Amino acid sequence: MSVVEDSISQLRAVRDSIDGGRTQVSSASEELERHQGAIDQASRAIEEVSNSTATAADGLEQLASATRALNYDSTAASVENAKERVSNATAHLLAARQHVEQAASEIGLVRRTLGETSGTLDQSDTAVEEAISRLSSLPLSGGASGGSGAREFLSELRFKLPRNHMRLGNPHSRHRLRKVAKSKYVDKENTVALPYIDLVKDAEAIRSGKALWNKKTERYHVNGRQYAAKDKDGKTRLYPVAGDGLIPLTSGEYKALQGMMLAGGDRAKRPEHFLRNLSIGGGDWDRAAVLYELTRGDEEGDRP
Amino acid sequence: MIFEIIFERGTSATALRDAMAERFAVPSESVFIGTTDELERLLLDRKDMPYPMAVIGGEPRSGEFSCSLTGHDQLIEAVGGLSVVALATVLSKSTGARALLGDGGYVSECFTMVTPDGWHGRVMLADDVLDEPVFNLDYALQPVPSDPSIPVVEEAHQKGWYPDGEVPEAGYAFPEDEPEGPSAPDGRE
């Protein structure tokens, strides 16, 4: 079999893999739709319960006033007790709402990634079809090399990995969520991986040629995540950029998470200088609190 | 938004503070000179003290670039909404010192360098400063007009380093700094 025939055969296998990938993306999209529907329902339910709780709190306040006015002390005590329970319920509702919003945010991220993956698959499929078509039309002369035209065309293939991909080093440990406190420079956007993401496994997949290379964005695509690469004189590294389980942190969120880690997750014990730092907003602390909880999962395989 | 500009070792902290006061009327009392620990102790002692607009010193830095200026939105407002690279350029020209700042990308060794002639471009540091805060130049990603001795390496696949796929261009923050005519240096991309 000549190089060209062999290439056509391999391209057909790639096309089959792309079809399989597309089916999986489609199933995942449907699954996400279902989760999104459940989250929407949960959100509406929380809203209704919140309204009921607020109404109950108002009613209890009126009842408390009435019982105090009538000197019904034991009843007033019961009403106060009930108010405290309603207050506790409201706090739980707020916490539940935060969890639901976080889940909705993560589902949104995954859905965007799926959309990008689907686009990449379409591009790859088009490139494969074009490659098969052009290779099939090439003359099979030129010996075992398959002809210089074939060689030239093969070098242009969109999904062909850069020649140096086998030397790429692992991503830096600062991209692991629980290592974030050790970083020394915060004036850069940082992408961190949730604990269940195995960055080293992704890097191994890239080195072994299992990733797609997007020539346009100059990034690797593997396991639903994108990686940028730096390569100079053998000092090489991969950088997680976006995708499943990768979260971009702003400077404020980054500093808030550092403060939460130093305080062992206790918001009341956050270091004073972090509290007084005007560059950290209230929303940063809320997001940092959620991320801090995620750092407490197992290092690998503990998908929330 | 918080940002950090790191000037060359030996840059005077008071010269930076004075430059901000003279050029932009940034109140000297709003610029703290000292370490983060010293600032924290001061804030704890004086509860009514506002958080400063800028901290010069802050966290320990070492290497060729070790004089750190950290600022946030209030400082940007105080200097009339200048970009961070423009502010760094003004301070570099005032003090005669080169400075580094974040390049907005994912590659942790890549920084933007400004030089006292008003130019800025991207450089790579010798080590990953995110683990060890040692700021030493390794090479530039384009020629540096004021220092042709800095080696230049053309890295492949730089588009992937940036969130929007746009590789920042080298150049001048202020048009009046640009060399005129055919003698313009090759450093501009």
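The values are calculated or read from the model by the stated rules, or taken from the named source; none is laboratory data. What you are looking at is a predicted structure, and each value in this text was computed from that prediction instead of being measured. Every residue, glycine as well, gets a Cβ built from its backbone with ideal geometry; the counts of neighbours run over all protein chains shown. Protein only, heavy atoms only, side chains kept; ligands, DNA and RNA dropped before computing areas. Shrake-Rupley method; radii C 1.70, N 1.55, O 1.52, S 1.80 Å.
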Worksheet item: Would it be correct to say that A:Ala89 is under 30 Å from A:Gly243 (Cα atoms), at pLDDT 80 or above and assigned to a helix (DSSP H, G or I)?
Response: no
Practice prompt. Kindly check whether there is at least one residue in segment B:64-80 that is over 12 Å from the mean Cα position of the chain (by Cα) and without any contact (Cβ under 8 Å) to a residue 12 or more places away in the chain.
Written response: yes
Item to complete: Inspect segment B:21-41 for any residue being open to solvent by 10 Å² or more (accessible area, probe 1.4 Å), assigned to a strand (DSSP E or B) and modelled with pLDDT under 90 and give the result as yes or no.
Response: yes
Practice prompt. Confirm whether B:Glu132 is of a type in the set (Asp, Glu), open to solvent by 60 Å² or more (accessible area, probe 1.4 Å) and facing chain A (nearest Cβ under 9 Å).
Written response: yes
Discussion item. Taking the conditions exactly as written (in the same structural domain as A:Ala131 (by TED's automatic domain parsing), hydroxyl-bearing (Ser, Thr, Tyr), open to solvent by 70 Å² or more (accessible area, probe 1.4 Å) and more than 25 Å from A:Ala193 (Cα to Cα)), does A:Thr55 satisfy them or not?
Written reply: yes
Worksheet item: Of all residues in segment B:59-70, how many are in contact with a helix residue (DSSP H, G or I) (Cβ under 8 Å, 6 or more places away or on another chain) and either at the interface with chain A (Cβ under 9 Å from one of its Cβ atoms) or more than 12 Å from B:Phe7 (Cβ to Cβ) (or both)?
Response: 1
Worksheet, complete the sentence: Taking segment A:187-216 and keeping only residues that are assigned to a loop (DSSP other than H, G, I, E, B), within 12 Å of chain B (Cβ to nearest Cβ) and farther than 30 Å from B:Ile5 by Cβ, one is left with A:Lys215, A:Lys216
Item to complete: Taking the options A:Lys184, A:Lys179, name whichever one is outside any loop (DSSP other than H, G, I, E, B) and modelled with pLDDT under 85.
Response: A:Lys179
Worksheet entry | Among (1) of a type outside the set (Val, Ile, Thr); (2) within 24 Å of B:Glu178 (Cα to Cα); (3) open to solvent by less than 10 Å² (accessible area, probe 1.4 Å), the one test that B:Ala54 misses | (2)
Discussion item. Looking at segment B:70-77, can you tell me whether even one residue there is polar (S, T, N, Q), part of a strand (DSSP E or B) and surrounded by 22 or more Cβ atoms within 10 Å (Cβ to Cβ)?
Written reply: yes
Discussion item. What's the number of the only condition in (1) crowded, with 21+ Cβ neighbours inside 10 Å; (2) assigned to a strand (DSSP E or B) that B:Asp138 fails to meet?
Written reply: (1)
Worksheet, complete the sentence: Every listed condition ((1) touching a residue at least 60 places away in the same chain (Cβ under 8 Å); (2) out of contact with any helix residue (DSSP H, G or I) (no Cβ under 6 Å at 6 or more places or on another chain); (3) polar (S, T, N, Q)) holds for B:Thr95 save (2)
Response to the item:
B:Ala78 fails exactly one of (1) at negative phi; (2) small (Gly, Ala, Ser); (3) at the interface with chain A (Cβ under 10 Å from one of its Cβ atoms), namely (3)
Response to the item:
Restricting attention to segment A:254-276, the residues that are at pLDDT 70 or above and either assigned to a loop (DSSP other than H, G, I, E, B) or not assigned by TED's automatic domain parsing to the domain that holds A:Ala193 (or both) number exactly 6
Worksheet item: Say we look at segment A:5-51 and pick out the residues that are more than 23 Å from the chain's Cα centre (by Cα) and of a type in the set (Lys, Arg); which of these is least open to solvent (accessible area, probe 1.4 Å)?
Response: A:Arg15
Practice prompt. Quickly run through segment B:159-172 and pick out the residues that are under 20 Å from B:Leu137 (Cβ atoms) and either among the aliphatic types (A, V, I, L, M) or within 7 Å of another protein chain (Cβ to nearest Cβ) (or both).
Written response: B:Trp161, B:Val167, B:Ala170
Worksheet entry | Cβ-Cβ under 6 Å pairs, at least 6 apart or on other chains, segment B:1-27 side over 14 Å from B:Gly58 (Cβ atoms), far side β-branched (Val, Ile, Thr) and open to solvent by 30 Å² or more (accessible area, probe 1.4 Å) | B:Ala15/B:Thr95
Fill in: Residues of segment B:90-109 satisfying the condition of being of a type outside the set (Val, Ile, Thr), assigned to a loop (DSSP other than H, G, I, E, B) and within 14 Å of chain A (Cβ to nearest Cβ)
B:Asp103, B:Gly104, B:Gly105, B:Tyr106, B:Ser108, B:Glu109
